């Protein structure tokens, strides 16, 4: 802006100077001619007076003319009554040339003598018009110098004024740039009582209001983002053109998309037509609330309850802005329902089998077998075994229920790992001996204490070692190892048993899951032992790994963090 003003200002100043110069030069020419004419008139009168007073009858008039010519610095011509030249200050060879251009190039003044002196009747004094041009040339030189000085002075004054005049606009431009960069509270600080002052005050008022408005919008946007982030279900909003206008982090995770990359994009640029129909149904004609259950398989399998509702402006059904979709992830709920159904079926089966056996033997005894002591004794022993099995099943179910409910009445404290393993070893060593199995232990010296439930820890090891003994043939070996590994306590149960095929290992810790149901019933057990182990490991914030192969034995590895106290307190 300053550059443009400078160019315009310089151009106008130059035009003014040129116009003034032209007018001054024209006026100067007129003045020069007038001064020259006045001088000639004065000189001719002076020559007239001198000629009238001087006796020049016997003198050469050319010489007299030359004397007066030198006096007045002009050509002097004496003429008789007939107008003939009788005396001329010019040289003979110059006379013809000067007379040829006398009309064009000479300025003259004539006067008649009142008292004739000799033959002289009139006098003419003339000068070359170039004398006026000489004066004009000098004037032009001084005019040019004055104009140049004036232009420089005007330039300096204009430059200073231009800076003064354009600084407010420069500050205004800077303030507007700051606002465009997000500094919405920017203000102008110059004092001005003209239109600029009014503009500055209006700008400052606008800036304050804009800052307040932006702050409120940002606060509303922050609240909206916080609300969307806090919603535990996925949420997607589309406008009437099927473009994304809202998506929360949960929906991004469900569909494996990045919200900031798809905002404003059309759903056909994000999903396939099959997915669009499956997820959003026939969107363009939807203007009502609907819900359905949806299964998706990518990026992972999920079961979703989808709720759709039109976005209506001011409760006017004709002013529909789009649709909002809520995606409720019910995968875990569905899985729990399936687990519960399986659990009920498994428990029913586990209870029904021994109860049917007990009922059959009791009915047989009632029909008369009780009279036969040998038969009745055998049947009563079988009933006793089935009752023991039921008792174990009920106890395991109660224990599993207690573990899953995270009983807050349990005592959590630091306990001695070595002591727990020693107590367990003394009890299980006798069971191993009966099966001709060697039970060994290897406990690292100065093994640190662990924070948690002492009873749960023993129960966890009890189930693992008991299983190892059950599924290890006679002559085999079971070993308990305990050692510190980094920030963890590592406990391993190794056996030389029958091993477990890879295809069964992922489901091995499910309730009532058995690799070989016939063998499991033969060795006893409820099918809940490893499920209990898994839940106890989770209570200790630990991990459980299995390495096994058929006929190569098994290694169960448990890692428990040694800083568990913070976990339990949390």
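Hey, any hits in region 91-107 for a residue that's farther than 23 Å from residue 35 by Cα, in the same structural domain as residue 19 (by TED's automatic domain parsing) and either in a strand (DSSP E or B) or modelled with pLDDT of 65 or more (or both)?
yes
Taking only region 424-471 into account, find how many residues are within 17 Å of residue 493 (Cβ to Cβ) and surrounded by 14 or more Cβ atoms within 10 Å (Cβ to Cβ).
Total satisfying the criteria: 31.
Name the residues in region 227-241 that are closer than 15 Å to residue 259 by Cα and either modelled with pLDDT under 85 or within 18 Å of the chain's Cα centre (by Cα) (or both), would you?
228, 229, listed by residue number.
Right, residue 331: modelled with pLDDT of 75 or more, surrounded by 14 or more Cβ atoms within 10 Å (Cβ to Cβ) and within 55 Å of the chain's Cα centre (by Cα) or not?
Working: modelled with pLDDT of 75 or more: yes; surrounded by 14 or more Cβ atoms within 10 Å (Cβ to Cβ): yes; within 55 Å of the chain's Cα centre (by Cα): yes.
Against the criterion (modelled with pLDDT of 75 or more, surrounded by 14 or more Cβ atoms within 10 Å (Cβ to Cβ) and within 55 Å of the chain's Cα centre (by Cα)), residue 331 qualifies.
Can you list the helices (runs of 4 or more DSSP H) lying wholly within region 212-306 that have 3 or more residues being without any contact (Cβ under 8 Å) to a residue 24 or more places away in the chain and within 29 Å of residue 183 (Cα to Cα)? Full working, then the answer.
On the way: elements: 249-255, 259-262, 273-280.
Because the criterion is at least 3 residues that are without any contact (Cβ under 8 Å) to a residue 24 or more places away in the chain and within 29 Å of residue 183 (Cα to Cα), the helices (runs of 4 or more DSSP H) in region 212-306 that meet it are 259-262.
Pairs under 6 Å by beta carbon, first residue in contact (Cβ under 8 Å) with a residue 24 or more places away in the chain in region 366-384, partner surrounded by 10 or more Cβ atoms within 10 Å (Cβ to Cβ), six or more apart or different chains?
Cβ pairs passing all conditions: 382/361; 383/358; 383/361.
Scan (1) within 58 Å of the chain's Cα centre (by Cα); (2) part of a helix (DSSP H, G or I) for the single condition residue 364 breaks and write down its number.
In the conditions (1) within 58 Å of the chain's Cα centre (by Cα); (2) part of a helix (DSSP H, G or I), residue 364 misses (1) alone.
Could you list, ordered by first residue, the pairs with Cβ atoms under 9 Å in which the first is in region 461-475 and not assigned by TED's automatic domain parsing to the domain that holds residue 537 and the second is part of a helix (DSSP H, G or I), at least 6 apart or interchain?
none
Only one of these is surrounded by fewer than 19 Cβ atoms within 10 Å (Cβ to Cβ), over 56 Å from the mean Cα position of the chain (by Cα) and at pLDDT below 75: 386, 404, 419. Name it.
Numbers: 404 fails: over 56 Å from the mean Cα position of the chain (by Cα); 419 fails: at pLDDT below 75.
Residue meeting the stated conditions: 386.
The values are calculated or read from the model by the stated rules, or taken from the named source; none is laboratory data. If you're wondering where the values come from, they're calculated on a predicted model, not measured in any experiment. Backbone-built Cβ (ideal geometry, glycine too); neighbour counts: all protein chains shown.
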